[in-house]
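The values are calculated or read from the model by the stated rules, or taken from the named source; none is laboratory data. Keep in mind that what you see is a predicted model, and the values were worked out from it rather than measured. As a convention, Cβ positions derive from the backbone with ideal geometry for all residues, glycine included, and neighbour counts pool all protein chains shown.
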Amino acid sequence: MRVFIPRDAAALAVGADRVAAAIVSEAQARGVALEIVRTGSRGMFWLEPLVEVETPGGRMGYGKVGVRDVPGLFDADFQSGGWHEKSTGMVEKIPFFAKQDRLTFARCGVIDPLDLDAYRALGGYDGLARALQLGAAQTVAEVKASGLRGRGGAGFPTGIKWETVRTAVAAQKYIVCNADEGDSGTFADRMLMEGDPFTLIEGMTIAAAAVGATRGYIYVRSEYPHAIRTMNDAIAIACRAGLLGRAVMGSAYDFELEVRVGAGAYVCGEETALLESLEGKRGQVRAKPPIPALAGLFGKPTVVNNLVSFATIPFILEKGAAAYADYGMGRSRGTMPVQIAGNVKHGGLFEVAFGITLGELVNEIGGGSATGRPVRAVQAGGPLGAYFPPALFDTPYDYEAFAARDGLIGHGGLVVFDDSVDMAKMARFAMAFCAHESCGKCTPCRIGSTRGVEVIDKIVAGHAAEENIALVKDLCETMKFGSLCALGGFTPYPVLSALHHFPEDFAPAAIPAAAQ
Amino acid sequence: MPHIWDSLAAEDIITAREALEGPMLPILHAMQAHFGCIPEEAIRLIATRLNLTRAEVHGVVSFYHDFRRAPAGRHVLKLCRAEACQSMGSEANAAHLLHRLGLGWGETTPDGRLTVEAVYCLGLCACAPNAMLDGEVHGRLDAGALESLAMEVL
């Protein structure tokens, strides 16, 4: 019998290793033969550690298992799918899972992330095989036709970026994966690296063949040690199998891939700062133009894509552009792995076609707040994203629809807050975070963020509140239009949305109520 | 524990990585793993070997939050202070723990056993609040669980 237990960092954080060890020793004591398979996570984090057992009817789940539950699970004959109070039923029938469109994350949580045969058995490397058959120009055309847009947040069409690099003339080109996933409330990159790393390797290899690049780097933040280990192991396995290195899959293409580790700088998630960091410099933002597609890493043409963008490429090449573009709405085609986090009952990764509303995601899928109190605000798109009040929960999940409401979907994170949140404090935090992480190159971000903290403090203290609110709005305008990159340019989103939707929290009278 | 400078080990760290494209960060990470921090001697050596000025190397070291100029305590507890953890009460839990230990952010207990630092997101945001103790991750940490975690190493 096969028992599946996640090795995803979030599962480990709530005791998955201890549960796995307890199951192994209990099985030995009882003389039960079990095969333990360590997988990535399905992304239903409120159920972690989620133990799954293979049965003829599919995988049976046991959620939120603790070490103390283990003897009871054996008593209940869980290894044959027996009923226990921790039973979740068939895992793929859990509504949170059944309602998803798992394209990019199809294998995540299902297979041992380092089992190349399991990866291939579920369609792995069929995308690269087809890309090699199509040739470079056709591969890029396919990516363009899929409508895929950059999943890091900017939403730039991936195919157009690739075309620019493909047609650039240079002796050396690079593929760079941005896995510097620093936004609070996001974990899609981490989950994929820990749960299905070959998908990323395959996607980057397809990109390399399509644009004529021979070297690639995955820039992973240092806060993700488990992802770094899994990614390095997967690269070594792919090299041994002839899927990286010289003559990839027996083709004419060579592709060397390496993991590089960041050093705790949020701004390195900005693509030009990331390139500077890879080159071994301070992670300072570059002015554009020139764009990285023409003058990127070491001045060479470079594809810089977010991890989720690369990981979506194998599906597009395997099933065809139309299969992907069939999902979604308007100019937002395909699916987005939405990450529902914070004060929410059912937090996790929910991959779904664009078009679902924010309210459905928070209330129906997420089940409302974890504390059971009313939801008051949702920050969409990380620390640089706007706070949405429930009054805007009808907003469809779509790049343009969010922009029309002065927000952004960013890398797909949603952080839910209940009614105990103090929005003036959150606005102040946005400015303080920008000050902490500013690379220092441009003045609006470097100085503006510090002045922002000071002015918000004055407002909350009741010093000339009206003038200072006008001042903060003016400062936000300057930061928005005067900053070099999204750090200074988007910090105004959380600040202005907090001011606009929750003005009562900025009134001096709010102080006693907010002091919890 | 104070670092003991070992120039042969430092030379080896550089030699193993100098052929990389952009070797600076891999070298600095390896130096810190070996010495517990980036000693002044390392900055001089890296500058010489990579043909850079000391100011340039210093500029890189001081830019990144990860690199330390002095070693941390024997154990390092990183508490997440980002929004998702805040939504689950991380700030109050952290304040409680720091008060109990008599520490501020980034400080080390007088016996050198524990350093408590801020981190901005560990990517475990659906199991908030989170912390990392010596590289091991911990989720769903209420004030009590956080305190017992810290007590494990004190």
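Taking the conditions (1) touching a residue at least 40 places away in the same chain (Cβ under 8 Å); (2) out of contact with any strand residue (DSSP E or B) (no Cβ under 7 Å at 6 or more places or on another chain) in turn, A:M423 satisfies each one other than (2). Evaluation of B:I27 against the conditions (1) away from chain A (no Cβ under 14 Å); (2) within 20 Å of A:R221 (Cα to Cα) shows that the sole unmet condition is (1). crowded, with 17+ Cβ neighbours inside 10 Å, modelled with pLDDT of 95 or more and over 30 Å from A:E351 (Cβ atoms): is that true of A:V415 in this structure? Spelling it out, it is not the case that A:V415 is crowded, with 17+ Cβ neighbours inside 10 Å, modelled with pLDDT of 95 or more and over 30 Å from A:E351 (Cβ atoms).
Pick from the range A:322-358 the residues that are surrounded by fewer than 20 Cβ atoms within 10 Å (Cβ to Cβ) and small (G, A, S): which of them is nearest to the chain's Cα centre (by Cα)? Among those residues, the one meeting the criterion is A:A353.
Selection of the range A:181-215 for residues being crowded, with 24+ Cβ neighbours inside 10 Å, of a type outside the set (A, V, I, L, M, F, W, C) and within 23 Å of A:E256 (Cβ to Cβ) yields A:D189, A:E194, A:D196, A:P197, A:T199, A:E202, A:G203, A:T205. Looking only at the range A:495-507, decide whether some residue is farther than 22 Å from A:G152 by Cβ, surrounded by fewer than 22 Cβ atoms within 10 Å (Cβ to Cβ) and modelled with pLDDT under 95. Yes, the range A:495-507 has at least one match. Among residues of the range A:463-475 that are without any contact (Cβ under 8 Å) to a residue 60 or more places away in the chain, those with a beta-carbon under 7 Å from a residue that is surrounded by 12 or more Cβ atoms within 10 Å (Cβ to Cβ) and outside any helix (DSSP H, G or I) at least six positions away or on a different chain give the pairs A:A465/A:P508.
Quick check on the range A:23-40. Is at least one of its residues modelled with pLDDT of 95 or more, closer than 19 Å to A:K345 by Cα and within 14 Å of another protein chain (Cβ to nearest Cβ)? No, the range A:23-40 has no match at all.
Would you mind stating whether B:G59 is part of a loop (DSSP other than H, G, I, E, B), within 14 Å of another protein chain (Cβ to nearest Cβ) and among the small types (G, A, S)? So B:G59 fails the test. Out of everything in the range A:6-22 that is in contact with a Gly (Cβ under 8 Å, 6 or more places away or on another chain) and at the interface with another protein chain (Cβ under 10 Å from one of its Cβ atoms), what residue ends up being nearest to B:L133 (Cα to Cα)? Per the criteria, the residue is A:A13. The conditions of being part of a helix (DSSP H, G or I) and buried (at least 18 other Cβ atoms within 10 Å of the Cβ) are met by A:A11. With respect to the conditions (1) touching a residue at least 12 places away in the same chain (Cβ under 8 Å); (2) out of contact with any strand residue (DSSP E or B) (no Cβ under 8 Å at 6 or more places or on another chain), A:F96 lacks only one, and its number is (2).
Restricting attention to the range A:329-374, the residues that are at the interface with chain B (Cβ under 10 Å from one of its Cβ atoms) and on the phi > 0 side of the Ramachandran plot total 2.
The rows are residues; the columns are (1) in the same structural domain as A:D180 (by TED's automatic domain parsing); (2) among the aliphatic types (A, V, I, L, M); (3) under 27 Å from the mean Cα position of the chain (by Cα); (4) within 30 Å of A:I291 (Cβ to Cβ).
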site: A:M431; (1), (2), (3), (4): no, yes, yes, yes
site: A:A435; (1), (2), (3), (4): no, yes, yes, yes
site: A:R451; (1), (2), (3), (4): no, no, no, no
site: A:E454; (1), (2), (3), (4): no, no, no, no
site: A:V460; (1), (2), (3), (4): no, yes, no, no
site: A:E467; (1), (2), (3), (4): no, no, no, no
site: A:T478; (1), (2), (3), (4): no, no, no, yes
site: A:E504; (1), (2), (3), (4): no, no, no, no
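Among the residues making up the range A:483-510, those that are in contact with a strand residue (DSSP E or B) (Cβ under 9 Å, 6 or more places away or on another chain) and within 24 Å of A:G182 (Cα to Cα) are A:Y493, A:P494, A:S497, A:A498. The residue that is farthest from the chain's Cα centre (by Cα), counting only those in the range A:186-231 that are under 27 Å from B:A30 (Cβ atoms) and among the aromatic types (F, W, Y), is A:Y217. Of all residues in the range B:78-131, those being without any contact (Cβ under 8 Å) to a residue 24 or more places away in the chain, of a type in the set (A, V, I, L, M, F, W, C) and over 24 Å from A:A370 (Cα atoms) number 3. Just one of (1) at pLDDT 95 or above; (2) more than 20 Å from A:L243 (Cα to Cα); (3) not acidic (D, E) fails for A:A154. It is (1). If you take the residues of the range A:263-287 that are surrounded by fewer than 24 Cβ atoms within 10 Å (Cβ to Cβ), at negative phi and touching a Ser or Thr at 6+ places or on another chain (Cβ under 7 Å), which of them is farthest from the other protein chains (Cβ to nearest Cβ)? Out of the qualifying residues, it is A:R286. Within the range A:385-440, count every residue that is assigned to a helix (DSSP H, G or I) and among the small types (G, A, S). Residues meeting the conditions: 9.
When the range B:102-151 is limited to residues that are within 14 Å of another protein chain (Cβ to nearest Cβ) and among the acidic types (D, E), the one that is nearest to the chain's Cα centre (by Cα) turns out to be B:E117. When the residues of the range A:296-311 are filtered to those that are out of contact with any Gly (no Cβ under 7 Å at 6 or more places or on another chain) and surrounded by 18 or more Cβ atoms within 10 Å (Cβ to Cβ), the one that is nearest to A:L414 (Cα to Cα) is A:V308.
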